[in-house]
Amino acid sequence: MKKTLSSLLAIASVAVFAQNDILAVVGNSDKTVELRSFELLNSTHLERGVTLLNANENLPKHVVAMTLDNKTQDMLFIGMNNPDVYAYNLQSKRVTKVYNAGQFIPNCSMPMHFSRMTTTPDGVSYALNNNGTSLLEIKSNGSSYHVNDLGAVAMVNSDKNFTSIDMFGGDMIADTDGMLFLITAKNNVLKINPANRMAEFLGTITGLPNMYTSNGAAVLSDGRILLGNASGKGFYVMSINDLTAKSYGSSNLNSAFDLASPYFLKGEASLVNTTAPASLYPTKVTEREVFVSYNTAEKANAVLRIYDYHGTEVLKQNLVFDGSNNSIRIALNNLKAGNYYATVVTDAGKEILNQKFIFLR
């Protein structure tokens with residue numbers, strides 16, 4: 001198993017996430033996957049916070065795939081027995097059926113269910129069906145969504161002898177490089193490159209109770225991965241580096257059909273100092289903006305400087321971290337495509353960030 005990945009603190013700009021930063025699909029009981037509500041949880045103790053949306057006759061009866069798009073502030077979800085894509089906007093609190101994906105599903109049998117979803121930092125969402133024959137790319141142009149079927153996912157290390165059930169269910173998360181991480185219900189972990197749809201087996205999660213299925217996954221603010229189970233077996237956390245799970249939380253909610261959060265794993269290209277308390281993301285920039293996050297509970301003033309690879313300073317900006325909103329948007333309006341590196345130094349002279357990134361525009 002490769003151990004080249006580390007975690008990233010990535011705070012979303014959506015106000016509703018100030019205290020409750022985990023989205024959960026909650027069911028009517030542990031015995032069925034019948035939707036009851038979409039809820040926000042406090043990631044510290046997994047306390048139930050805000051009910052965003054209750055089940056009703058206009059929504060799919062069964063939902064096991066859901067993700068958050070930070071750019072549009074939409075919660076996207078797909079019904080288990082119905083292939084349409086829905087969006088719930090966190091600001092307007094309105095639900096819209098944004099796409100009918102029925103053309104991709106000849107019949108709604110279990111292998112064809114889209115049960116895993118995630119969104120990358122550039123705002124592209126992905127959904128993967130159970131048998132891995134269809135990876136959907138879901139993009140928003142600001143007013144509507146477009147869905148493209150990228151095709152089947154194939155294994156890089158094809159010597160692994162998996163049955164189809166080993167790859168069923170579970171959830172996906174993403175890193176700052178736009179890579180997807182599939183965590184199956186059978187607790188196998190694969191890294192998927194959506195550009196070529198190749199999947200690499202990373203290992204199987206250890207430390208979970210017998211018969212535990214990972215039905216939901218979300219990245220926490222400290223970079224660990226939260227695992228949820230639909231059968232009342234509680235929540236666990238693990239690191240992508242060692243895939244060892246430990247029990248987590250003291251919630252009165254013991255199960256979740258799916259999970260999502262506004263955070264990402266740090267990708268391999270996100271160097272330099274992995275112990276630095278601040279991070280810049282994304283590191284492969286396709287829009288004219290990046291974000292700088294600093295994990296501090298106290299107010300801090302700092303200066304961001306961005307340099308091109310000739311060492312010329314091309315951008316300087318004062319930053320104020322107030323302890324509650326520790327993610328700051330940086331506009332890159334005047335930068336040309338190329339390689340850059342950024343530093344952030346506090347007023348006390350402490351360097352808290354030294355990181356490379358690629359601007360692709």
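Are there GluC sites (Glu not before Pro) in the stretch 41-137 that DSSP puts in a loop and that have at most 11 other Cβ atoms within 10 Å, and which ones? Kindly include the intermediate steps, with their values, before the conclusion.
Working: sites: GLU47, GLU57, GLU137; in loops: GLU57.
Sites meeting the loop and neighbour criteria: GLU57.
What FRET efficiency comes out for LYS336 versus LYS61 if R0 is 51 angstrom and r is the Cβ-Cβ distance? Round to the nearest 0.05.
On the way: r = 51 Å, r/R0 = 0.99.
Using R0 = 51 Å, I get an efficiency of 0.50.
Could you pull out the pairs from LYS71/LYS233; LYS61/LYS191; LYS299/LYS356; LYS61/LYS139; LYS71/LYS246; LYS139/LYS284 whose alpha carbons sit more than 28 Å apart here? Please list the in-between numbers first.
Values: LYS71/LYS233 33 Å; LYS61/LYS191 30 Å; LYS299/LYS356 25 Å; LYS61/LYS139 25 Å; LYS71/LYS246 32 Å; LYS139/LYS284 17 Å.
Correct reply: LYS71/LYS233; LYS61/LYS191; LYS71/LYS246.
Any read-out appearing in this document is the output of simple, stated calculations on the displayed coordinates, not a laboratory observation. Here the structure is a predicted model, which means the values were calculated and not measured. Note that each Cβ is placed from the backbone with ideal geometry, even for glycine, and that neighbours are counted across all protein chains shown.
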